[in-house]
Structures are given as structure tokens and as C-alpha cells.
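Reading through the C-alpha cells given below for one structure.
The values are calculated or read from the model by the stated rules, or taken from the named source; none is laboratory data. Keep in mind that what you see is a predicted model, and the values were worked out from it rather than measured. Positions of Cβ are generated from backbone atoms using ideal geometry, with glycine treated the same way; all protein chains shown enter the neighbour counts. The protein model used for the area step is the full one, side chains on, heavy atoms only, and it has no ligands, DNA or RNA in it. Shrake-Rupley method; radii C 1.70, N 1.55, O 1.52, S 1.80 Å.
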Amino acid sequence: MMKVIILLLLFIFPYSIVRAEDGSKLWLRYVSVSKDVAHNRSISIHSKDPIILLAKQELVNFWGKQSIELAVDRKLTYLKDGFKITGNLNRIKVIAHEPVGLLYAAYHLLQLQATNQPVSNLNIEEIPSFDIRILNHWDNLDRTVERGYAGYSLWKWDELPGVISPRYEEYARANASIGINAVVINNVNASPQILSSQYVIKLKSLADIFRRYGIKVYLSVNFSSPKILGGTKDSDPLNPEVILWWKNKVKEIYQVIPDFGGFLVKANSEGQPGPQDYGRTHADGANMLADALKAYHGVIMWRAFVYNPSSEDRAKQAYQEFVPLDGAFRDNVIIQIKNGPIDFQPREPFNPLFGALQKSNEMVEFQITQEYLGFANHLAYLAPLFKETLDSDTYADGKGSTVAKLTDGTLRPARKTAIAAVANIGEDINWTGHHFGQANWFAFGRLAWNHELSSEQIAEEWISMTFSTDNKFIDPVKKMMMGSRETVVNYMMPLGLHHIFAFDHHYGPEPWGDQEGGRPDWMPWYYHHADTVGLGFDRTSNGSNAISQYRPPIQEVFGDIQLCPDQYLLWFHHVPWSYTMKSGRSMWDELCYKYDAGVQQVRAMQQVWDRLEGQVDQQRFVEVQSKLKIQSRDAVWWKDACLLYFQTFSKKPIPYDIERPVHELEDLKKIKLMIKHHN
Ligand code: GCV
């Protein structure tokens, strides 16, 4: 009976409509080639290396064009783990320095094919921008994910190593297809248990799968592990007993996982333990671990995300902590710095630590998971945000010292360069909660591979691989994606406003937020400083003087209210409500228009998407459509909450030509979302 119904459905509806399209395939929708095609071309290799065999297999399965020869040339060190592809209509030759380079080349070719690019006359050379291209999972051992909005963790620790979910390999393949070659498996708020022998064995089973795709595993470690797990008196980095504990633990890990990557450490930050608990410095702590890893070529990624409740501006604290330690870190330590000085806000100026450290390795940490951008409910394409930071000129080594060039080895040669991002991946069938969240995972990988790619190009690649190669679909969707991050900035925090989120879960607006006895640096008023005079955080020399951490001429630009770009105005200045903006409007009016623009822009996104019905499978169409409805309602919520609240200080009318508020401020203040935040 069932069979009959299915046949009937297939007859009535075109195949694409009834086909289950749940997003689980990500951008990997290569079409298997027919026997005939396969018969007429050859894929040849000269090695039994498992990664090369995999590269061959992918091409055998999906490459529908001319013959290909894949070879490793150990002399071509300059290629790193990149590749060269040359060829004509009859034959393609792929050369790499590393076996994994051939796998990346295979995915490159498959991407060209999937996006209908010409492959008849190829002359391609790709060398990745960064050596380590790493995802940071904030996954806990109980499978909750800190700031994760796509379900539980992929890692089923209770089943490992006995049961291997097929998703581990699918995950590895997706990463390899965009050049990601490293993953930190667990939350930076790390459980010491991850280092127990039992977990090391579980980790091995993941590492064995990932290795086939050129991916190394790393662990976040808890600085108190020696005391908690090993029973040492303390975890003082200068205590010989502690040093020995780490040495032995590292040895144990490498015995089981010979290509283990290293440790990521959040120390003395937001309540996590660290070397300062014993009067030692971040350098003492990092170096002790670096020494333990050195013999195995392991790396320490030591986070600079540190701040304490004090009278000092939070935005200044990482710089103050780390700049005096410059030069004190071992060469296998990389200081991992969040893109902005506060915390992954919809928009922040670049972190002044970039380039301020002259003699220490630095890397950027981005956040793909949308902790501060509407979770998995809002569509926000983040390549423009990533590029905004990477392309920021710090002037550290003169003009042109962009964050990208400071961290990719161009200006500051490093043993190993790296770039990280906090993953947005979970157990959800579509991996990222929102179908368009996949684009941010993809975009991070592509930019880590080549930070010179444009956001547009990456969007186009992703859309055509994920949805459709039809320009009638690609063009409007690309346009919608390109504006989406600015849209979120507009309805959440325009003009440099930041951190006015609801307490703890960071979903909705709470500019009025206050918790009795709570940390001031976790309260919105700490950041917006609204009063009868105006709005914004004075970080000039009259205020916290955070601008002094930037170099000239950036310092002058950010520090001068006339020169400061609108997008950072309220980040650096306390601006009078009636201040005349570059547009000629008062600051208050400008603020109102920005919030309103945000709302209108989400509505326009809905219109774009609704028009595309029928050009995309129904399941993904409806799921995205419904998320856009949520985003639209949330945008109005943000606009009303912020404007009605700030109006209590500005005492000015909301310009009459924009949409009127639909909420009462007092009602909005009562909203308390019960979103659990798992540490
Ligand atoms: C992992 C922010 C987040 C925390 C996160 C922290 C960090 O404060 O809200 O959940 O903790 O950043 O990056 O360490």
C-alpha cells in the first residue's frame, strides 16, 4: 500500500519536491557518475597513502570529466598543504607537497564541477593562508553545547569508542572539503575529565576517523587538572610535581594519538583556574604546557580573553595583561585573540592586541555560533564580519598591517600560523539549526584557506553548491546574505552600541538590564551609558582612554568624534542626543532610523525568500521562511525595546515617518526567556 502511495506521489509531484531535503547534505551534493563516464576516464595515483586513496575515491565516485593524475612532489615545500592543478580537455595533473593537498585538490575540482565552472583549461595554484585552520567546539562531556543552538553535541561520549556514529565521518569530510584541518573537541570551560585515560581512548576513536581527512584533534584543558585528576598538591605551573604530571599526561596522549595537535587554554578568565591562582603569569602557565608538548611538535593556543570586574574598562584589560608579557612566550605558544576587545558582538572594532604583541605569535578567534546574533533563529551571513576584522589595518608595522597579514605570517614570520572559530555545529539534522548557518561554517573554512576571497564569492560558491546553480536563485539570495549581518547590527546595536543583551542567554534586548549585586561588566548600562546628555561609552582620553591602545592614525580617527566612523561612534564616544551626525540628522533620529532600517531590511529578506518558492525544495523553503518570520518579529522587539528605553533619556519623539512601536516598554521589560546556559 505504502509503495503505491509513494509511486502516486512521485507521479503527482516532481521528484525534487517529495525528496527529503533536510539539509543534512550541507554543500556536499556531488552527483555520482555513471559507469559509462567512469569507464572513459581514469583517476591515477602513485601511492597507497590512505589520504591519497580517499582523494582518488572521491574523484572516482563523482568526477564526470577528463582523466586525472594525482602526485605528491616532496620538493614543492612552498605549496605547504596546498596544490597545483594544470590540464586541458583530455587530462588534468594535480601536484601537492602533502598527501592531504591532493584531497583538497579533489574537493576543489568537485566544487568547480558542481558550480558549473570551466575545467577544460586549468592552471590553478592554491596555498592556504594559515597553517592551522581550526574549529573550536564548546561541547561539554554531558553533550550540552555552550552557546550551541543546533542541538546536542555530535560527540556521543557514552557510546565511544564502541559505537561510531556515521556523522563523525560526514563531519570530517565536510571540514576537509573546505580545508579545515584541526578541531578542538571540547569546551574551553573544560572539564578535567577529558584528560582521564578513559576519555583519551574515546578521543582516539575520533582522531582515527578525522586523520583520514587530514584533521588533527586538539583538547581544551582545565588548568587545575593535575590537582583534580592527578591528586597533586596544587596546579602551580612551577611545581615540579605539576610539571611532571603534565609531561606524563602529554606522553600518554601521544602514545595513543601520535598526531595529536595540542591544547587550547582558557585560564584566569570568567572563573576558570589558571597560573595567576598561584601568583604566576600567563606566560608561566603557557610555557609549562608548551614545554611538555614541544618534543611532539604540539602547540598551545592560549586565550587572551581575560577580564575582571574592576574599575578598568573591560575593553582594555586583555591588552594590559598580555602586552607586558610580550616576548616571554615559547615559540610553540600562539596567543588566541577574539576579533574584538569585548566579546563577539554584532560589530566591534578590531582588538588592539593585534600587532601590539611584537614578539609573540598571535591568532584570531571568531565565533561562528550566533551567541550574539540571534542564535540559530536569525539569518546573518558572517563572512563580511570575518573580513571586516581580517582587513582592519592596525598600522602596527606601518600602513597595510592588517590583522590578516599580522597573523598569516606575511609580516610576522611564525613557526605555525593559525586561525580559529567557535563552531555552530550540533546534532540537528541540518547540522547548524538554521540552513543558512551552514554558510558561516563554510565561509570560515574558505577564509581560513584564503582570506583574500570576497564574501560575495564565498556566498556564491555556497549557494550554488547547497541550493541551486540557477542565477535567478543565486543573485537574490546572495544579495540577501550580503546585507544580512548589517541588518542584524541595525536592529540590535547600531552606531557602535554593544552588549545590551538580556542577561546570561544573550538572545533578546535588555538595555535596562540590571542584576542586584551582579558584575557591572555584565550589565548593559556598563556599555551604553545612557543618560540625559546622551548615549555611548567614552573611551577617549576624557574617558577610559581605550583609544590609547590603538596606533596612530587609527587612534586619532577613533578618538575624534568628527572622524570616528558612525559604525563605531557609540563604542568610543558618549554622544549628545542632539549631536549632528554626518547624515545631518541628530544622533537620536539617526538611531531611530537605523533600528527602523533593520526591521525593514528583515521584511525585505522575507520578500526575497518568499518569491523563491518553487525554486528550492519545499522543506528547506518552509524552514527558512519560518525562521525569517521569527527574525522579523524579533527585529521589531529589538527596535521597540531599545528605542522606547533610550527615549526615557532622550525625551525626544521617534521620527513620525517611521513605524510606530507596537509594544509597551513595561511589557517588554517583563519578558524573561527561560533559555538555559550550560557551562
Ligand atoms: C565559553 C562569552 C560567552 C561564554 C564563553 C566565553 C569565552 O563570555 O558568553 O559562554 O565561555 O565567552 O569565550 O570563554
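Residue 216's amide H: which non-local residues (gap 5+, or another chain) put their own amide H closer than 5 Å, with H modeled 1.01 Å from N in plane and none for Pro or chain starts?
Those lying under 5 Å, H to H, from residue 216 are 182, 183.
So which trypsin sites (Lys or Arg not before Pro) in region 590-679 are both in a DSSP loop and have at most 14 other Cβ atoms within 10 Å of their Cβ?
Listed in order of number, the matching sites are 651, 672, 676.
Determine the sum of side-chain charges near residue 278: Lys and Arg each +1, Asp and Glu each -1, restricted to other residues whose C-beta is under 14 angstrom from that of residue 278.
Computed value for this residue: -2.
Apply the Karplus curve 6.51 cos²θ - 1.76 cosθ + 1.60, θ = phi - 60°, to the phi angles in region 116-123 and return the couplings in whole Hz, x for Gly and Pro.
Calculated HN-Hα couplings, in order: 6, 7, x, 10, 8, 9, 10, 8 Hz.
Go ahead and estimate [θ] at 222 nm for the chain from helices alone: -39,500 (n - 2.57) per DSSP H run with n ≥ 4, summed, over the residue count, rounded to 500.
-12000 deg cm²/dmol
Let me spell out the model: positive unit charges on the Cβ of Lys and Arg, negative unit charges on the Cβ of Asp and Glu, origin at the Cα centre of region 132-455. What dipole size does that give, in debye rounded to 20?
Magnitude of the dipole: close to 720 debye.
What fraction, in whole percent, of alpha-carbon pairs in the chain exceed 33 Å separation?
Looking at the chain, the distances longer than 33 Å represent 50 percent of pairs.
Return the FRET efficiency for the residue pair residue 457, residue 548: r is the Cβ-Cβ distance, R0 is 35 Å, and the value is rounded to the nearest 0.05.
Plugging the Cβ-Cβ distance into 1/(1 + (r/R0)^6) gives 0.40.
With unit charges on the beta carbons (Lys and Arg positive, Asp and Glu negative) and the dipole taken about the Cα centre of region 132-455, which residue among 174, 190, 346 sits farthest to the positive side?
Ranked along the dipole, the leading option is 174.
Could you estimate the translational diffusion coefficient of region 31-126 from the Stokes-Einstein equation, with Rh from the Kirkwood formula over C-alpha pairs, at 25 °C and 0.890 mPa s, in whole µm²/s?
187 µm²/s
Separation of region 403-427 and region 166-187 by C-alpha centroid, Å?
Centre-to-centre (Cα) distance: 17 Å.
For residue 334, list long-range residues whose amide hydrogen, built 1.01 Å from N in the peptide plane, is under 5 Å from its own amide hydrogen.
300, 301, 302
Longest span of the chain, sites excluded, free of GluC sites (Glu not before Pro) in DSSP loop with at most 15 other C-beta atoms within 10 Å?
With GluC sites (Glu not before Pro) excluded where exposed in loops, the chain gives 1-158 as its longest stretch.
Just going by the charge dipole of the chain, with Lys and Arg at +1 and Asp and Glu at -1 on Cβ, which of 394, 523, 586 is farthest out on the positive end?
394
How much area per residue is accessible in the chain when the probe is 1.4 Å and only protein heavy atoms are counted (Å²)?
Averaged over the residues of the chain, the accessible area is 39 Å².
Once the Cβ-Cβ distance between residue 212 and residue 90 is put in as r, and R0 is 25 Å, what FRET efficiency do you end up with, to the nearest 0.05?
Efficiency, rounded to the nearest 0.05: 0.20.
Are any of the pairs 25/266; 156/294; 216/249; 249/294; 266/338; 399/478 more than 23 Å apart by Cα-Cα distance, and if so, which?
With Cα atoms farther than 23 Å apart: 25/266; 156/294; 399/478.
Are there any trypsin sites (Lys or Arg not before Pro) in region 338-393 that are in a DSSP loop and have at most 13 other Cβ atoms within 10 Å? List them by number.
Those satisfying the criteria are 359.
What does the charge add up to near residue 293, with Lys and Arg as +1, Asp and Glu as -1, over the other residues with Cβ less than 15 Å from its Cβ?
Cβ neighbours under 15 Å give a net charge of +4.
Provide, for region 31-126, the number of lysine pairs with alpha carbons under 25 Å apart, each pair being eight or more places apart or on different chains.
Close lysine pairs under the 25 Å cut-off: 21.
Using +1 on the beta carbon of Lys and Arg, -1 on that of Asp and Glu, and nothing else charged, what's the dipole of region 583-679 about the Cα centre, debye to 20?
The dipole magnitude comes to about 300 debye.
Okay, which of region 592-616 sit inside 17 Å, backbone N to the point 7 Å along the Cα-Cβ direction of residue 633?
599, 602-603, 606
Step through the residues of region 503-516 one at a time and calculate ³J(HN,Hα) from phi using the Karplus curve (6.51 cos²θ - 1.76 cosθ + 1.60, θ = phi - 60°), rounding each to whole Hz and writing x for Gly and Pro.
4, 6, 8, 6, 8, x, x, 7, x, 7, x, 7, 10, 4
Using only the alpha-carbon atoms of region 132-455, report the extent along each of the three principal axes, biggest first, to the nearest angstrom.
Largest first, region 132-455 extends 49, 46, 36 Å along its Cα principal axes.
Take the alpha carbon atoms of region 596-644, find their center, do the same for region 43-95, and report the distance between the two centers in whole angstrom.
43 Å
Computing the accessible area with a 1.4 Å probe over protein heavy atoms, can you report the carbon and sulfur percentage for the chain?
About 53 percent, which is the carbon plus sulfur part of the accessible surface.
I want the antiparallel fraction of DSSP beta bridges within region 132-455, as a percent rounded to 5.
5 percent
Between the alpha-carbon centers of region 522-547 and region 347-394, tell me the distance in whole angstrom.
With region 522-547 and region 347-394 each reduced to a Cα centre, they are spaced 22 Å.
Please state, to two decimals, what the Cα-based radius of gyration of region 152-255 comes to when divided by 2.2 N^0.38 Å (N = residues).
1.17
Write out the trypsin sites (Lys or Arg not before Pro) in region 152-235 meeting two conditions: DSSP loop, and at most 15 other Cβ atoms within 10 Å of their Cβ.
233
Taking every DSSP beta bridge with both residues inside the chain, roughly what % is antiparallel (nearest 5)?
Given both bridge residues lie in the chain, the antiparallel proportion sits at roughly 30 percent.
Under a point-charge model restricted to the Cβ atoms of Lys and Arg (+1) and Asp and Glu (-1), what is the dipole moment magnitude of region 31-126 relative to its Cα centre, in debye to the nearest 20?
220 debye
With point charges of +1 on the Cβ of Lys and Arg and -1 on the Cβ of Asp and Glu, referenced to the Cα centre of the chain, which listed residue (70, 425, 508) lies farthest in the positive direction of the dipole?
After comparing all options, I get 70.
Around residue 374, with a cut-off of 12 angstrom between Cβ atoms, what is the net charge of the other residues, counting Lys and Arg +1 and Asp and Glu -1?
Computed value for this residue: +1.
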